[in-house]
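Where a number appears in this text, it was derived from the coordinates with a stated rule and is not lab data. Remember, it's a predicted structure, so these values are computed and weren't measured experimentally. Reconstructed Cβ throughout: ideal geometry from the backbone, glycine too, with neighbour counts over all protein chains shown.
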């Protein structure tokens with residue numbers, strides 16, 4: 001199943017600061033580039049923190065080292081946009097510095113960047129779930145599960161054989177770009193997630 005990656009959405013011309021950057025210089029960077037925050041990097045381009053407008057408002061006449069929030073919450077370029085969005089919500093941040101395999105800064109992605117993905121038309125989301133999830137990933141016939149999408153909220157209705165497959169179906173649908181939430185109305189005929197009862201032996205029987 002294909003997912004939009006952070007690397008394809010990020011801004012790669014990143015405005016950044018170093019730990020010694022002064023308060024005034026950071027404020028100037030934000031104003032000149034009309035941005036709300038900058039990653040702070042060390043000599044090896046590793047992200048060590050982030051300075052936002054709120055950090056500047058709270059303190060005065062300090063350096064980026066004193067102002068920055070750390071450790072920085074970062075995301076790898078190969079991670080999916082959906083995973084990046086969940087990370088932003090979970091950590092309560094407005095932007096994520098994007099790093100490569102060696103943890104060096106290569107870009108930045110903001111909530112505004114991600115917003116376009118979540119404006120994906122409902123019909124396109126439904127088509128992607130039916131083709132990428134039901135058919136390709138799960139090898140299910142089209143009639144097995146009904147897919148309804150309204151404002152990015154997906155409702156799955158139908159019956160599958162195993163409970164584990166129902167769980168997998170919901171999980172895969174949640175990862176489709178543009179999906180806000182998944183309502184699980186699936187049923188199953190066999191609960192294969194419960195451990196099998198151990199076989200009883202004569203020693204287990206109390207007389």
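One table, with the values for the structure above:
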quantity: Cα convex hull volume per residue for segment 6-117 (Å³); calculated: 92
quantity: Burial ranking of peptide ranges 13-20, 172-179 (average Cβ count within 10 Å, highest at the top); calculated: 172-179, 13-20
quantity: Cα radius of gyration and Dmax for segment 1-66 (Å); calculated: 13.7, 50
quantity: Estimated distance in nm for a label pair at residue 34 and residue 135, the labels positioned 7 Å out from Cα along Cα-to-Cβ; calculated: 4.3
quantity: Value of relative contact order over the chain, rounded to a whole percent, pairs C-alpha under 8 Å and six or more apart; calculated: 18
quantity: Over the chain, equivalent-ellipsoid semi-axes from the Cα gyration tensor in Å; calculated: 45, 23, 14
quantity: Residue 54-residue 101 pseudo-label distance in nm [points 7 Å out on the Cα-to-Cβ vector]; calculated: 3.6
quantity: Values of log10 I(q)/I(0), in the order q = 0.15 Å⁻¹, for segment 120-190 under a Debye, Cα-only, solvent-free model; calculated: -0.39
quantity: Inter-label distance for residue 174 and residue 151, nm, one decimal - labels placed 7 Å from Cα along Cα-to-Cβ; calculated: 2.1
quantity: The chain - share of DSSP beta bridges that are antiparallel (%, nearest 5); calculated: 65
quantity: Among 74, 110, 189, residue whose mean-square fluctuation peaks in a GNM of the chain (springs only between Cα atoms under 10 Å); calculated: 189
quantity: Among 35, 129, 108, residue whose mean-square fluctuation peaks in a GNM of the chain (springs only between Cα atoms under 10 Å); calculated: 35
quantity: By average C-beta atoms within 10 angstrom, highest first, the peptides 89-96, 43-50; calculated: 43-50, 89-96
